[in-house]
Every structure is written in C-alpha cells, then in structure tokens.
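Just below is one structure, and these are the notes that go with it.
The values are calculated or read from the model by the stated rules, or taken from the named source; none is laboratory data. Source: prediction; values computed, not measured. When we count neighbours, we look across all protein chains shown, and the Cβ atoms used for this are built from the backbone with ideal geometry, even at glycine. What goes into the accessible areas is simple: the full protein's heavy atoms, side chains included, and nothing from ligands, DNA or RNA. Shrake-Rupley method; radii C 1.70, N 1.55, O 1.52, S 1.80 Å.
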Amino acid sequence: MKEGLDLHAIEKEVQEFWESEKIFSFDEKSKKKIFSIDTPPPTVSGELHIGHAMSYIHQDIIARYKRMQGYNVLYPFGFDDNGLPTERYIERKLGKKAKEIGIEKFKKICFEESEKIEKRWIEVWKKIALSADFSLLYRTIDERCKRISQYSFIELFKKGRSYRKEAPIMWCPECKTAVAQVELQDKEEETFFCDIIFETEKMESFVVSTTRPEMLGACVAVFYNPQDERYKKLKHNRAIVPIYNHFVPILEDRRVDINKGTGIVMCCTFGDTTDIEWWKAYGLPYKKIIDEEGKLGNLAGKYSGMSIEEARKAIIEDLKKEGKLVQTRKIKHTVNVHERCGTKIEFLVTKQWFIKYLDLKEKFLELGKKVKWFPAHMFSRYENWVKGLQWDWCISRQRYFGVPFPVWYCKRCETVILAKEKQLPVDPSKDEAPTKKCPKCKYNKFVPEKDVMDTWATSSLTPEIVKDLVAEKNKKIAKKLLPLDLRPQAHDIISFWAFNTIVRSWFAHKNIPWYNIMISGWCLDEKGKKMSKSKGNIIEPEKIIEKYCSDALHFWAASAKLGEDLWFSEREFIAAKKLLIKLWNAFQFLKIHAKEKPKKKELQGFDKFILLETNELIKKVTDAMEKYDYTAAKLLLEKFFWHSFCDNFIEILKFRLYQGKEEEKNSARYVLYETFVSLLKMLAPILPHMTEYIWQNYFKEQEKSKSVHLAEWPKYKKIGKKEEEILKAGRTFLKILERVRREKARANKSLRTEIILKIKEEDYDVLEKEKMLQDLKAVTAAREIGKGNFEVFFV
C-alpha cells in the first residue's frame with residue numbers, strides 16, 4: 001500500500017484490499033469456534049440515514065472484536081423488503097396506489113425497485129466499512145425466505161398455533177389492512193367530549209359523554225357501574241339511541257369508570273377494546289358502521305359515504321338541532337395509530353389469520369430471562385410488552401407484496417388445504433392446490449387465500465434463515481448453529497422483532513433464538529428529535545463520510561452508549577480526524593526508531609512500567625468489550641493514547657531513543673513497538689481503516705498476519721507483587737511529572753527549562769529502587785533530584 005494521509009484515498013484502498021482478500025468471509029471449513037450474529041435486515045422503505053449507520057456500526061465493532069479473538073465470525077446480511085413499508089415507499093415514489101397501477105404490475109415494480117435500492121445500499125454499507133459477509137445475503141421476499149416462512153406457518157397450523165377466525169381486529173383505513181398490536185403507537189390528540197342526551201323507553205333522560213358521536217349508529221348497549229347510585233334506577237330498561245332511534249339494553253358492568261365523563265357509556269361495535277370485551281361477554285349484536293375505507297357504511301343512513309371526521313361534524317350539528325347535545329368539551333386524550341402511516345386505528349370484524357400465544361405469556365417471560373440483555377435494563381421493555389399483551393398475533397395483511405399464505409379453501413365447505421412441503425415456496429393465486437378433492441366434502445374446486453403474511457411473520461424467522469444460508473455450504477455446521485450468539489437491534493423494535501423471534505424460536509425448537517441481545521438507541525438531530533425522512537431531518541452517512549471519513553463515522557457511533565439515544569454533534573467527527581492524524585504521526589515516530597520488530601532484551605525500569613500499564617489497559621478494554629460496552633472501550637483507548645502514550649510515554653522515551661546507550665535504546669524501541677501494536681489492535685474495531693492502513697505499511701510483515709482484523713487480540717497477563725510495586729512506582733513518577741509541568745506552566749517557563757527538583761523521601765526511594773530516577777531527571781530537565789518536601793527550583 002502506498003503511503004500518504006489522504007483519508008478518503010486510504011479508506012478506498014483499504015476497502016478494495018478487504019474485498020479482494022475476502023477478509024470478512026465466513027469460513028465454513030474452519031475448525032475455529034463460531035460467533036454468529038443475527039444481523040438486522042434493514043427495511044427497504046426510503047433512504048439510509050446516519051441513525052442506521054450508528055446502529056450497524058455498533059454490531060460491526062463487536063464482529064471485528066470477535067474475529068480478533070479467534071472466532072470464525074458468521075456475519076450475514078439481509079434486507080426486509082416485503083410488506084407494507086416497501087409498498088408505501090413505492091406508492092409514494094410513483095404517486096399512485098397499488099390498485100391504480102394494477103396488482104401484478106405493482107408487485108413486479110416493488111420487487112425490481114427494492115432490488116435496485118438494495119444493490120445501492122450494499123455499496124453504502126461497504127463505504128461505512130460494515131464487515132459483513134455479503135455473499136451470505138438474503139431478502140425476505142426471496143424464494144428461500146418464502147419457503148422458510150411458509151414452512152413455519154404450516155408447522156404452526158399442525159400444532160394448532162396458527163388459526164383463522166372471524167373476529168374483531170385492528171384495522172388501518174389508510175393502508176386498508178389488518179394490523180397487529182405491536183404495530184400500534186400512542187398519539188395524544190385534541191378532541192371533544194360530546195355530552196349527548198339519551199332517553200329510556202319510559203322517557204327518563206340521562207347524559208352519555210363520548211368522543212365518537214359518529215358511532216351512534218353502531219350503539220348496541222349502554223353501561224353503567226353497579227356501584228354508581230345515580231343510574232341504578234335504569235336497571236332492566238332500554239335506551240333510545242339519538243339520531244337513529246333504535247332501542248338498546250341498559251346494563252351494569254364494573255369496567256365503567258364512574259369518574260370519567262358522566263359515568264354512563266355507550267357500547268358501539270367497535271370504538272375500543274372495551275367495546276369488544278362487552279360485545280363478547282354479553283352476546284351483543286354486531287353493527288358495522290365504519291367500512292374498510294374508513295368511511296361510514298350503509299348502516300349510517302344519510303351519513304353513509306362520509307369520512308369519520310365529516311360524519312362527526314354532521315352528527316354534532318344534527319344533535320344540536322334535535323336538542324340532544326348538552327355541550328362539547330375540549331379534551332386531550334391518547335389514541336392508537338398505525339405506526340406505518342400515523343392513521344387512527346378502527347376495529348372491524350373480518351376473517352384473519354392469527355398465531356395463538358396469549359396462553360404462553362409466562363413462558364415468554366421465562367425465555368426472555370434466559371437471554372442476556374445488554375444493557376440489562378432493556379429487559380424491562382420486553383417484560384412490560386409481554387405482560388401487556390391482549391391479542392393473539394394477527395399475521396394476515398390485506399396487501400399484495402408479501403409472502404403468500406400456503407393455503408387454499410374448499411369452495412363449498414371452506415376447509416383449509418395446506419401446501420405440501422415439496423411445493424414450497426408456493427403462490428396459491430397461481431399454483432394449483434396439492435389435492436384434487438376436498439378431504440372433508442370431496443368437492444373439487446378450491447379458492448386461494450389472497451392475503452399475504454405480515455412482514456414481521458418472516459423477519460421473526462431470521463435465525464432460521466441464517467441457518468439455511470449456512471446449510472448450503474455446510475449442513476453439519478448448520479445443525480449445531482442455533483441458538484445464535486448475538487442479536488443486535490434498536491430499542492424501538494423490542495416488541496416487534498425481539499419478542500416475535502423468541503416466540504417463533506420456542507414454537508420451532510423449544511429454545512431461545514440467541515444467547516445475547518445488544519440494544520442500540522436512536523440518533524437524534526441537534527434539537528433532540530428522532531431522525532426520520534418524514535421530518536426532513538435526516539443526515540445521510542455518505543455526506544458525513546465525504547466531509548470527514550468513514551473512520552470518523554465509526555468513532556462518533558462508538559460514543560453512543562448501549563440502549564441510549566445519541567444527539568448528533570460534529571465535535572466527535574473533528575476529534576476523530578485529530579486522533580487519526582496523531583495515530584499516523586505516532587506510527588511515523590515508531591518507524592523511525594524501529595525499522596523492524598525489536599527483540600526483547602534487558603528492559604529499563606520505566607519501560608517495565610509502560611508494558612504493565614498497557615497490560616492493565618488490555619484487561620479493562622477486553623472486559624468492556626466482553627460486555628459489549630464499546631463506548632467504555634473507546635474512552636479508555638482514547639484517553640490512554642493521548643495522555644499516557646503520546647503525552648507521557650513517547651516524551652519520556654525520546655531522551656533514551658536519541659541520546660541513550662544502545663541497551664537503553666533497545667529497551668525503548670521494544671516497549672514503543674509493543675505498546676503501539678497493542679493499541680493499534682484494540683483500536684482496530686473502532687478505527688478500522690487507519691489501523692489497517694498502518695498494519696499494511698509495517699506490521700503485516702512484522703506480525704505475520706495479513707490483516708489487523710485477523711490479528712490476535714492482545715492478551716492480559718496476570719501480575720504479582722513485584723509487578724504491582726513497579727506499577728506503583730510508575731504512577732508515582734507520572735504524578736511527579738504532572739506537578740513539575742504545572743509548576744513550569746504557572747511560572748510561564750518552557751518544559752525544557754532546567755530545574756532542581758525535590759521530592760518526598762518515600763517517593764525518591766521507590767523510584768530509585770525501580771531504577772526510574774534517570775528517566776525522571778531527563779523528562780523534567782532536572783539538574784539534580786533530592787529528598788524533601790516537593791519543590792521546584794528554576795536554575
């Protein structure tokens with residue numbers, strides 16, 4: 001490799017080297033222990049931003065560390081490119097809805113466009129220096145993933161864990177599909193409490209408070225709390241619903257909040273989950289007032305065809321005209337919205353496919369505890385999610401670009417016909433059913449399932465997908481691969497991805513999917529807001545790389561503590577560039593004095609201390625990395641490099657390197673080399689390009705390793721009493737040096753100003769015993785060092 005310090009040219013050259021030498025390839029023939037990573041497949045739904053880069057760099061730091069520890073690192077890559085996120089991205093890009101384009105044409109466009117995006121993204125990931133093995137690549141819409149997803153569904157059906165049922169489900173009117181509980185977000189909004197006068201059939205009146213007067217046509221009962229004395233007189237009566245004038249029963253139920261509104265509520269099908277509970281518990285009729293488009297249906301009479309907002313305004317006006325509206329009160333309340341589009345959720349009764357798991361909440365809590373969480377407190381998010389589950393997992397979506405259900409139905413009796421394993425992957429809309437006659441009624445015509453699976457139903461199988469990728473190369477390894485070692489992911493998808501992967505792993509293997517989970521935070525803009533394309537506040541990683549360099553991006557990302565959000569600030573990028581230049585200059589200094597790897601001979605006293613301090617650093621950095629605490633490792637390395645190695649060790653060694661006897665020079669060269677090479681190795685996961693460039697320029701031949709990222713991670717050596725005494729002496733030395741420097745700075749004197757130095761007798765004796773006095777004299781420019789209270793005399 002050519003020398004120089006054009007950071008962009010260096011990084012390009014290093015990346016080409018990695019690519020040509022296949023430095024990061026998984027070796028299926030290796031006997032090394034495997035470290036396997038369940039890499040998050042990014043959703044193909046827009047542009048990559050610096051927040052994505054941050055999260056992926058965190059896992060990459062660990063991958064690089066594990067390689068240097070001697071593991072055969074399995075670091076595949078994938079893309080989550082099916083389902084609603086991709087569909088909405090394509091619809092926005094084309095400015096048309098799927099049905100306007102034509103479903104088959106739309107699916108083809110989705111496939112082709114997502115493939116183009118993925119190819120471009122891979123190049124971006126390589127510029128970011130992600131050390132994944134891109135030959136182990138999957139797409140959640142590819143044939144492999146379809147087969148795995150469909151096979152898992154069939155196995156769940158056989159176990160009685162996947163089922164189809166007509167039931168109330170959460171529905172997004174914008175996306176026109178069922179959604180699962182995990183896809184909801186809470187949103188606070190301003191609305192009105194409408195106090196509406198109801199009357200009983202005996203002409204007694206009472207007031208119901210509601211935020212949804214447009215649901216009056218679907219009112220099927222009125223409820224009050226049996227402990228509420230105000231309404232006990234209404235027991236066994238029926239109420240007349242305003243506007244629509246139909247009769248509904250007045251019932252008691254303890255779930256009514258006496259202190260909310262007027263303490264008496266209407267039950268409509270369906271305004272919320274409590275309405276669903278009452279509907280089931282009391283066998284109430286179902287009235288569908290809102291349709292799949294989010295508009296009022298035929299049951300709404302003259303309001304039919306209106307949007308929810310239009311109908312609400314019209315009904316409020318009509319209530320006023322009829323004298324049925326007491327008042328409207330402005331309130332703030334929290335509503336559920338679809339996380340993909342921000343649209344408020346409605347509840348409809350439709351036929352959907354579910355995965356049954358509510359009966360296993362305790363088991364999933366137990367499994368979550370078996371996984372090691374980094375940071376540990378993130379388990380509480382998982383725990384809270386599991387405890388709060390209210391629904392089985394709805395996995396069917398009324399969309400188009402997704403994994404088809406491997407299902408047909410008998411046209412006469414609706415018996416479910418499953419695809420055979422050898423047929424998989426299958427598309428029932430195009431492929432024939434695996435049987436000629438219905439096994440139940442013997443009818444010979446079948447209807448394909450038109451729904452597709454939720455994208456999380458496939459991405460929750462990533463450990464299975466990784467196993468299948470490996471099985472192509474080595475089936476023996478693949479059989480022993482699960483559980484994987486590490487799942488890295490962001491905190492916002494613990495309920496989406498972590499939980500559902502644990503669910504699927506339990507159903508398939510009765511085991512956890514991975515031993516460890518590492519949780520990253522979000523990247524926030526300079527105002528503390530999460531970066532997102534919709535907010536227009538994203539920063540593309542390529543632009544940061546162009547302005548600074550990829551190593552600067554890595555350095556910045558490493559400052560984000562696990563599980564915590566990181567505010568974007570360019571100060572870290574500036575600090576990174578300074579560090580890279582200093583690292584290069586320190587390397588040049590080393591090369592001048594050690595043209596080849598020095599041999600260990602008799603070491604000088606202070607040099608022994610330098611090696612022991614480096615040894616202590618190795619322990620601290622290794623301990624941090626074992627806990628996936630790359631931030632602590634980065635801070636330790638940064639501090640040691642600047643303050644110990646550059647400010648102290650090099651300055652102290654300079655005197656012997658330039659003016660010492662040959663044996664003194666040899667000792668200095670040896671410790672300079674050994675300390676620098678240890679630092680270089682430990683910095684490699686955080687500054688991958690510069691460390692590699694330096695390695696190729698010198699250490700490749702000296703250390704007999706073709707890449708710093710394949711070199712052996714430094715090992716900590718246990719120390720005894722003798723070594724502890726040397727450490728104590730060396731630290732005393734540095735404290736004295738620091739005090740001398742302060743005194744010279746206070747007196748506005750040069751560091752080379754000659755002095756007479758007095759130090760405490762016990763310090764003098766310690767330094768004399770460990771043979772460090774001569775180095776202290778040289779570095780402080782002391783004509784002599786005597787015993788006494790600390791004092792600096794300028795000569």
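Being touching a Leu at 6+ places or on another chain (Cβ under 8 Å), open to solvent by 60 Å² or more (accessible area, probe 1.4 Å) and not in a strand (DSSP E or B) is the filter here; which residues of the range 501-555 pass it? Matches in the range 501-555: His509, Asn511, Trp522. Looking at the structure I just gave you, is Arg746 open to solvent by 100 Å² or more (accessible area, probe 1.4 Å) and not hydroxyl-bearing (Ser, Thr, Tyr)? For Arg746, the condition - open to solvent by 100 Å² or more (accessible area, probe 1.4 Å) and not hydroxyl-bearing (Ser, Thr, Tyr) - is met. Annotation for the range 29-38: at least one member residue is free of Cβ contacts under 8 Å to residues at least 24 places away in the same chain and open to solvent by 30 Å² or more (accessible area, probe 1.4 Å). For Tyr163, the conditions (1) among the aromatic types (Phe, Trp, Tyr); (2) within 21 Å of Ile276 (Cα to Cα); (3) touching a Leu at 6+ places or on another chain (Cβ under 7 Å) all hold with the exception of (3).
Scanning the range 556-607 for residues that are part of a helix (DSSP H, G or I) and either aromatic (Phe, Trp, Tyr) or touching a Pro at 6+ places or on another chain (Cβ under 8 Å) (or both) returns Trp556, Phe573, Trp584, Phe587, Phe589, Phe606. Summed over the range 417-430, the residues that are more than 25 Å from Val179 (Cβ to Cβ), open to solvent by 50 Å² or more (accessible area, probe 1.4 Å) and either touching a helix residue (DSSP H, G or I) at 6+ places or on another chain (Cβ under 7 Å) or touching a residue at least 12 places away in the same chain (Cβ under 8 Å) (or both) give a count of 3.
Residues in the range 386-416 that are open to solvent by 20 Å² or more (accessible area, probe 1.4 Å), under 19 Å from Asp454 (Cβ atoms) and modelled with pLDDT of 95 or more: Val416 only. Filtering the range 579-621 to residues that are among the basic types (Lys, Arg) and in contact (Cβ under 8 Å) with a residue 12 or more places away in the chain leaves Lys582, Lys591, Lys597, Lys599, Lys600, Lys601, Lys608, Lys619, Lys620. Within the range 177-190, is there a residue that is of a type outside the set (Val, Ile, Thr), free of Cβ contacts under 8 Å to residues at least 12 places away in the same chain and on the phi < 0 side of the Ramachandran plot? No, the range 177-190 contains no residue that is of a type outside the set (Val, Ile, Thr), free of Cβ contacts under 8 Å to residues at least 12 places away in the same chain and on the phi < 0 side of the Ramachandran plot. Taken over the range 3-24, the criterion of being β-branched (Val, Ile, Thr) and assigned to a loop (DSSP other than H, G, I, E, B) is satisfied by Ile23 alone.
Checked against the criterion of being surrounded by fewer than 16 Cβ atoms within 10 Å (Cβ to Cβ) and closer than 22 Å to Glu189 by Cα, the candidates Lys260, Lys361 yield just one match: Lys260. No other residue among Ser162, Ser131 is out of contact with any Cys (no Cβ under 7 Å at 6 or more places or on another chain), among the polar types (S, T, N, Q) and farther than 25 Å from Arg504 by Cβ apart from Ser131.
Could you check, for the range 56-63, whether at least one of its residues is touching a residue at least 24 places away in the same chain (Cβ under 8 Å), among the polar types (S, T, N, Q) and part of a strand (DSSP E or B)?
So far as the range 56-63 goes, no, none of its residues is touching a residue at least 24 places away in the same chain (Cβ under 8 Å), among the polar types (S, T, N, Q) and part of a strand (DSSP E or B).
Reported count of residues in the range 667-694, each being under 21 Å from Leu635 (Cα atoms) and of a type outside the set (Asp, Glu), is 17.
Could you grab me the full set of residues in the range 380-428 that are among the aliphatic types (A, V, I, L, M) and more than 19 Å from Asp359 (Cβ to Cβ)?
Val403, Val407, Val416, Ile417, Leu418, Ala419, Leu424, Val426
Here is the figure for the range 160-177: residues that are assigned to a loop (DSSP other than H, G, I, E, B) and of a type in the set (A, V, I, L, M, F, W, C) total 1. Selection of first residues in the range 506-533 that are without any contact (Cβ under 8 Å) to a residue 60 or more places away in the chain and of second residues that are crowded, with 20+ Cβ neighbours inside 10 Å and part of a loop (DSSP other than H, G, I, E, B), restricted to Cβ pairs under 6 Å at least 6 apart or on distinct chains, gives the following pairs, ordered by first then second residue: Asp525/Phe568; Glu526/Phe568. Scanning the range 45-71 for residues being open to solvent by less than 10 Å² (accessible area, probe 1.4 Å), in contact with a Lys or Arg (Cβ under 9 Å, 6 or more places away or on another chain) and at pLDDT 95 or above gives a total of 2. Here Lys369 fulfils each of the conditions (1) surrounded by 14 or more Cβ atoms within 10 Å (Cβ to Cβ); (2) touching a helix residue (DSSP H, G or I) at 6+ places or on another chain (Cβ under 8 Å); (3) at pLDDT 95 or above; (4) charged (D, E, K, R) apart from (1).
To keep it simple, each residue is scored yes or no on (1) closer than 26 Å to Lys202 by Cβ; (2) out of contact with any strand residue (DSSP E or B) (no Cβ under 8 Å at 6 or more places or on another chain).
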| residue | (1), (2) |
| --- | --- |
| His236 | yes, no |
| Pro242 | yes, no |
| Asn245 | yes, yes |
| Val248 | yes, no |
| Phe270 | no, no |
| Pro285 | yes, no |
| Ala311 | no, no |
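Return yes when Glu602 is more than 30 Å from Lys126 (Cα to Cα) and at pLDDT below 95 and no when it is not. Yes: the conditions hold for Glu602.
Has the range 81-89 got any residue that is out of contact with any Pro (no Cβ under 9 Å at 6 or more places or on another chain), among the polar types (S, T, N, Q) and surrounded by fewer than 23 Cβ atoms within 10 Å (Cβ to Cβ)? No; the residues of the range 81-89 include none that is out of contact with any Pro (no Cβ under 9 Å at 6 or more places or on another chain), among the polar types (S, T, N, Q) and surrounded by fewer than 23 Cβ atoms within 10 Å (Cβ to Cβ). Count of the range 476-500 residues, restricted to those that are assigned to a helix (DSSP H, G or I), more than 20 Å from Met453 (Cα to Cα) and open to solvent by 10 Å² or more (accessible area, probe 1.4 Å), is 5.
Taken over the range 749-759, the residue count meeting the criterion of being in contact (Cβ under 8 Å) with a residue 24 or more places away in the chain and surrounded by fewer than 17 Cβ atoms within 10 Å (Cβ to Cβ) is 6. Only one entry in Ile243, Ile276 is open to solvent by less than 70 Å² (accessible area, probe 1.4 Å), in contact (Cβ under 8 Å) with a residue 24 or more places away in the chain and either part of a helix (DSSP H, G or I) or more than 30 Å from Pro173 (Cα to Cα) (or both), namely Ile276.
Take the residues in the range 621-649 that are of a type in the set (Asp, Glu), part of a helix (DSSP H, G or I) and more than 18 Å from Ala586 (Cα to Cα); name whichever of them is most open to solvent (accessible area, probe 1.4 Å).
Glu626
Taking Ala668, is it within 25 Å of Lys599 (Cα to Cα) and in contact (Cβ under 8 Å) with a residue 40 or more places away in the chain? When the stated conditions are applied, Ala668 passes them.
Residues that are β-branched (Val, Ile, Thr) and more than 29 Å from the chain's Cα centre (by Cα) were ranked within the range 155-198; the one that is most open to solvent (accessible area, probe 1.4 Å) is Ile197.
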